């Protein structure tokens, strides 16, 4: 990606603004031009770093690492502000718990764009759920749309849902916010289209229509959709169970309770399924070879924040039943820690999970443009469902000295979040009637 930024500057310096270096054929790495196919999100800060004098790769790499940390820390700060202002302050500890048990323990220390993208998407939800000034909504929409070219419909759906919830809560009009948000999306789409014109010669990314980069067949795509959600080697359920179960619980509550508006849950469920199907349509639905469900990660925290804003009150009773009495809280904490151990292990021994992919290091597991679809998909199927799961390999790092220290700290933070969440939700819970006041109804004679 860093070399791609250099190639872009070379193209602009040579006044080549149309299909600069575009070949129309995928090379060994699956690229068809020297700039690459990464989103603007990753190039804009890199170009800014170059403009400020960070010409060497080490300095530019450090900028991307810092932005990853900023993305996650910023998500926590924005969630705190949002949940306090919408009257869901206690739920901040649930959001902090999600961060603490997430793969971002690893990704927030890397140059991968998923952490920074998460921060921008959380910013969109925060700006629309409050709502913030319309101009800030427009800026948030620009950042959110730059995270991926395929994000546009999901940015619109989640942003509009949050704005409708804000109007319902405050009674204030949201027309200006919608207009600024749409304008921000238009600016972002125009900038990305011009970027595509330079590197591809088309306003649309041709990789979106490249057969060799997509999963063939509806049956295979449905299998991969399920894998994005529940595969033991890449599914969100196994790598981030707290977030998965929170959103699932909210959707179930919205469906079962007649006094709860189920429309936000319908939007959330539709976005989750559409995103999962979209990832399943890509030749590598998890973003492999990387740790866990990399492509899905940027969307989890913003969807969770919207879920807490929309369904914090009806979820109160469900969570309190789960965390009371204290032995249940201890069981929940222990289970979450077990599923977090691979994230901790990956943090300190990031090469361990490479053994997972070594199970299929054969000629049959070449990407589709180097081999055949049948061989690649058969290899993917075995890795997703049949081989020893990836978390088992990654968890080994938790046994290192630094891994053990991190495990203790994470366990303490995890228990603390659960205790504070239970205490905060209990303050607003309706008090149970004393036993003496419970009078059984008289039997009819």
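The values are calculated or read from the model by the stated rules, or taken from the named source; none is laboratory data. Keep in mind the model is a prediction, meaning the values are calculated, not measured. Every residue, glycine among them, receives a Cβ derived from its backbone with ideal geometry; neighbour counts consider all protein chains shown.
Mind listing whichever residues of the range 31-49 are at negative phi, touching a helix residue (DSSP H, G or I) at 6+ places or on another chain (Cβ under 8 Å) and not in a helix (DSSP H, G or I)? Correct list: 32, 33, 34, 35, 37, 38, 39.
Looking only at residues of the range 296-332 that are touching a residue at least 24 places away in the same chain (Cβ under 8 Å) and in a loop (DSSP other than H, G, I, E, B), we find that the one that is surrounded by the fewest Cβ atoms within 10 Å (Cβ to Cβ) is 324. Residue 70 passes every criterion in (1) surrounded by fewer than 22 Cβ atoms within 10 Å (Cβ to Cβ); (2) in contact with a helix residue (DSSP H, G or I) (Cβ under 7 Å, 6 or more places away or on another chain); (3) more than 19 Å from residue 146 (Cβ to Cβ) apart from (3).
For the condition out of contact with any helix residue (DSSP H, G or I) (no Cβ under 7 Å at 6 or more places or on another chain) and buried (at least 19 other Cβ atoms within 10 Å of the Cβ), what is the one hit in 348, 288?
288
If the condition is being surrounded by fewer than 24 Cβ atoms within 10 Å (Cβ to Cβ) and part of a helix (DSSP H, G or I), then the range 79-96 contributes 80, 81, 83, 84, 85, 89, 90, 92, 93, 96. Could you grab me the full set of residues in the range 385-406 that are surrounded by fewer than 18 Cβ atoms within 10 Å (Cβ to Cβ) and either over 15 Å from residue 238 (Cβ atoms) or out of contact with any helix residue (DSSP H, G or I) (no Cβ under 8 Å at 6 or more places or on another chain) (or both)? 386, 399, 400, 401, 402, 404, 405 - these are the residues of the range 385-406 that are surrounded by fewer than 18 Cβ atoms within 10 Å (Cβ to Cβ) and either over 15 Å from residue 238 (Cβ atoms) or out of contact with any helix residue (DSSP H, G or I) (no Cβ under 8 Å at 6 or more places or on another chain) (or both). Picking from residues in the range 179-211 that are closer than 30 Å to residue 374 by Cα and crowded, with 16+ Cβ neighbours inside 10 Å, the one that is farthest from the chain's Cα centre (by Cα) is 200.
Just one of the numbered conditions (1) surrounded by 24 or more Cβ atoms within 10 Å (Cβ to Cβ); (2) closer than 18 Å to residue 343 by Cα is not true of residue 121: (2). Does any residue of the range 15-29 turn out to be assigned to a helix (DSSP H, G or I), touching a residue at least 40 places away in the same chain (Cβ under 8 Å) and surrounded by 16 or more Cβ atoms within 10 Å (Cβ to Cβ)? No, the conditions are met nowhere in the range 15-29.
Comparison of 156, 226, 186, 162 shows that the only residue that is over 23 Å from residue 265 (Cα atoms), in a helix (DSSP H, G or I) and at pLDDT 95 or above is 186. On the given criteria, is residue 233 crowded, with 19+ Cβ neighbours inside 10 Å, touching a helix residue (DSSP H, G or I) at 6+ places or on another chain (Cβ under 8 Å) and part of a helix (DSSP H, G or I)? When the stated conditions are applied, residue 233 does not pass them.
Here the range 50-62 is the region considered, the condition is being in contact with a helix residue (DSSP H, G or I) (Cβ under 6 Å, 6 or more places away or on another chain) and closer than 12 Å to residue 1 by Cβ, and the residue that is surrounded by the fewest Cβ atoms within 10 Å (Cβ to Cβ) is 57.
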